[in-house]
Amino acid sequence: MPTYSFLNKETGERFDDFLSISKKEELLEKNPHIQQIPTGFAITTMTGEMKTDDGFKEVMSKISDKHPDSPLAEKYGQNKTIKQTKIKTAVEKWKKPPMKWSNL
């Protein structure tokens, strides 16, 4: 159910109400002195991860095979040999900045 903004023309009071469409229409029909105020759209955000079907995952896997060093390959890549995995682990280890002795 959406939130609607209304204006009471007699008192000049503005108020919001959380109603279904049928209840909103009923309110406006019974109270001719109340007018709906147009408002902007509410923008919402999504948290979590979208669920994808197997066909999408297969396409992403094929793309990641062609681009093995991409972030996409980290998420969807499946066709890596043990040797490739060990090489990648070693490269990632040596990419990290060296520890400073002052932090010990």
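Coordinate-derived values only; no laboratory data. Computed from a prediction, not measured in an experiment: that's the story for all the values here. With ideal geometry, Cβ positions are generated from the backbone for all residues, glycine too; neighbour counts draw on all protein chains shown.
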>> Exactly one condition in (1) under 30 Å from residue 92 (Cβ atoms); (2) in contact (Cβ under 8 Å) with a residue 12 or more places away in the chain; (3) not hydroxyl-bearing (Ser, Thr, Tyr) is false for residue 48; which is it?
In response: (2)
>> When you check residue 62 against the structure, is it without any contact (Cβ under 8 Å) to a residue 40 or more places away in the chain, within 30 Å of residue 1 (Cα to Cα) and charged (D, E, K, R), yes or no?
In response: no
> How many residues, within region 33-56, are more than 30 Å from residue 9 (Cβ to Cβ) and surrounded by 12 or more Cβ atoms within 10 Å (Cβ to Cβ)?
Replying inline: 1
> Restricting the search to region 12-32, which residues are loosely packed, with under 10 Cβ neighbours inside 10 Å and over 33 Å from the mean Cα position of the chain (by Cα)?
Replying inline: 12, 29, 30, 32
